[in-house]
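Read the structure below first, then the notes.
The values are calculated or read from the model by the stated rules, or taken from the named source; none is laboratory data. Treat the numbers as computed from the prediction; the structure is a model and nothing was measured. As a convention, Cβ positions derive from the backbone with ideal geometry for all residues, glycine included, and neighbour counts pool all protein chains shown.
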Amino acid sequence: MTATTDGSGGPVRAEAAPAAGTARETGAGTVRASGAGQDGPRDLRAAAALAADRAAQHLLDRQDPQGWWKGDLETNVTMDAEDLLLRQFLGIRDEKTTDASARFVRGQQREDGTWASFYGGPGELSATVEAYVALRLAGDRPDDPHMLRAASWIRSQGGIAATRVFTRIWLALFGWWKWEDLPEVPPEVMFLPSWVPLNIYDFGCWARQTIVPLSIVSAKRPVRPAPFPLDELHTDPDRPAPPRRLAPATSWDGFFQRADKALHLYHRLAPKRLRRAAMNSAARWIVERQENDGCWGGIQPPAVYSVIALHLLGYDLDHPVLRAGLESLDRFAVWSEQDGRPVRMIEACQSPVWDTCLATVALADAGLPADHPALVRAADWMLSEQIVRPGDWSVRRPELGPGGWAFEFHNDNYPDIDDTAEVVLALRRVRHPDPVRLETAVERGVRWTLGMQSRDGAWGAFDADNTSPFPNRLPFCDFGEVIDPPSADVTAHVVEMLAYEGQAAHPRARRGIEWLLAHQEPCGAWFGRWGVNYVYGTGSVVPALVAAGLPGSHPAVRRAVTWLESVQNEDGGWGEDLRSYRDRGWAGRGASTASQTAWALLALLAAGEEDGEAVARGVAWLTATQRPDGSWDEPYFTGTGFPWDFSINYHLYRQVFPLTALGRFVHGEPVAGPAGARRAT
């Protein structure tokens, strides 16, 4: 499938196979992709039921004996490159790891010599530079054809000087870039109280976990001997860092640029005792937040920088903190084979809680009995993962009791509202043998979620009221979103959960609904912060509004339906390219994918469109494109870390969301109410 453009570069309908009106063989027989099939709705419903059964079995076969599910979380090659650079910096890089990682990196290079940040996307400069350096570490020669193509493209884009700050930090560790030419992050930021602008809690938790260790790195400015020069990546090797133009002093950008110059001066004049105390405070903060598995926040980048920072402060590699940290990084590696040789891909994060709650909802909505052993095992595991101690979120909500769920295996410091809402929805679909235990956990999770509402009536992902306008303006913060403001998709999941808990009339739920209605886009869609993009946002919001009591005839719902129908692809599916985060002309436009088609169907089914032509064509597309093993193929990235800057291919999305949509098409919508989710009859 390929997304095409018109002559001016604007998006047009995506092209996909099979074309409308053709038929495709699946494990359930021939299903017409253009609509309801030869025998009308009954034939389509039977095909959908068969597809759902196959998809459910595929999912059941992949459940871990402990009860959880986890699909691969694919991002881009910067994870792999930075892993090798870390091992080079620490002196622990080995041939087996290097060869397997390099094999993966080479396999992601495109014909023009570049690496992209998402499948089918344009070449990305920082990713290409980091991949190039990783391959140089692996022994690839600069005069190899694939390396020549990469270097030529890098120079054409401005060379190393035009890369993001984080890329240049990695290069500075080896003397390929000067620390003086990087923005300053002083460790004294640790001393700022939580009410002062630009304190560490003004940053989103992912940025906070990264900035604290990098403040130590910035203060220490280490340089390890470079194993080779990188002159071929500069536009002018004699002048690798051309002066950057200052913004007007009267602008915020100009103010922060000049403040950074002052911080560089402070770096030379900082009192040694104060600086030492600041670095020790940062180190304590880091160590206190190390998880039981040795990682930090369950995500790879903060773990990498925390290991470097503590090592610079004298922690040797055999120290229990560093030993556990390095062991945790090994668990981010996904090993496979290519032509009989090992390939190693690094996940930026792992998503077992998210995958498990989504899989539970999908299987239950597809008709699996509520007391099925697989659902009970999943519920048991999710109950064991509830977080019952305070974390960073309590800085803004000190009186609130804990009770949320995180995204990862081990992440007690950073539960998130999105996972908590979806886990509650999943638990309510299970008939658990210990109902008191389940009820207690749900009540605690609901109470915590309500308490995490932001002042504007909506919910962010990890923190309440994490909306400072300043962090994104810092010269250091050019690596993506660094704050965590409320979003439509998270707010919708909370509203939906509250509706199923019988609390749709709760004042906090009503404020959330009002926020959602006020933030509908003029076209009828909603912006998707954590999934791509307007299709995800709309697929999240419409079911929530309907569950909360808005009728399918409500103007907001009708506008959403009209928009979804207008962007349906000719093949019957839906897709949206990540370019929609930069260009709204791409909203709802892209090659059809299984997950995005499912999101659109979830909205349309909730709106009462189960007998409509758009639903029939979408369901037919899902049944026609299902693989014989019950899965779907989806190379496109439909998950979002930072809009545009960091994209994710959740490998389980292609499974759980189509199954949910097919299940609701066959069995009807679940019903919200005081007793939780009940199957509609």
Return only the number of the condition from (1) surrounded by fewer than 24 Cβ atoms within 10 Å (Cβ to Cβ); (2) assigned to a loop (DSSP other than H, G, I, E, B); (3) in contact (Cβ under 8 Å) with a residue 40 or more places away in the chain that ASN569 does not satisfy.
-> (1)
Answer yes or no as to whether THR562 is free of Cβ contacts under 8 Å to residues at least 40 places away in the same chain and not in a loop (DSSP other than H, G, I, E, B).
-> yes
Look through ARG428, ARG444 and report the one residue that is in contact (Cβ under 8 Å) with a residue 60 or more places away in the chain and among the basic types (Lys, Arg).
-> ARG428
Selection from region 520-531 of residues that are over 22 Å from the mean Cα position of the chain (by Cα) and over 15 Å from ALA548 (Cβ atoms) | GLU521, PRO522, CYS523, GLY524
Can you tell me which of VAL217, VAL223 is of a type in the set (A, V, I, L, M) and either buried (at least 16 other Cβ atoms within 10 Å of the Cβ) or in the same structural domain as TRP530 (by TED's automatic domain parsing) (or both)?
-> VAL217
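Listed residues TRP381, TRP393; which is out of contact with any helix residue (DSSP H, G or I) (no Cβ under 7 Å at 6 or more places or on another chain), more than 20 Å from TYR500 (Cα to Cα) and in a helix (DSSP H, G or I)? Working first, answer last.
Details: TRP381 fails: out of contact with any helix residue (DSSP H, G or I) (no Cβ under 7 Å at 6 or more places or on another chain).
Every option except TRP393 fails the conditions.
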Answer residue from region 228-259, given it is of a type in the set (S, T, N, Q) and in a loop (DSSP other than H, G, I, E, B) and is surrounded by the most Cβ atoms within 10 Å (Cβ to Cβ) among those = THR235
Among ALA150, ALA134, which is the only one that is touching a residue at least 40 places away in the same chain (Cβ under 8 Å), touching a Gly at 6+ places or on another chain (Cβ under 8 Å) and surrounded by 20 or more Cβ atoms within 10 Å (Cβ to Cβ)?
-> ALA150
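Matching residues to (1) of a type in the set (Lys, Arg); (2) farther than 30 Å from ALA55 by Cα; (3) surrounded by fewer than 16 Cβ atoms within 10 Å (Cβ to Cβ); (4) modelled with pLDDT under 95:
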{"position": "LEU368", "(1), (2), (3), (4)": "no, no, no, no"}
{"position": "ALA378", "(1), (2), (3), (4)": "no, no, no, no"}
{"position": "TRP381", "(1), (2), (3), (4)": "no, no, no, no"}
{"position": "GLY391", "(1), (2), (3), (4)": "no, yes, no, no"}
{"position": "PRO398", "(1), (2), (3), (4)": "no, yes, yes, no"}
{"position": "PHE407", "(1), (2), (3), (4)": "no, no, no, no"}
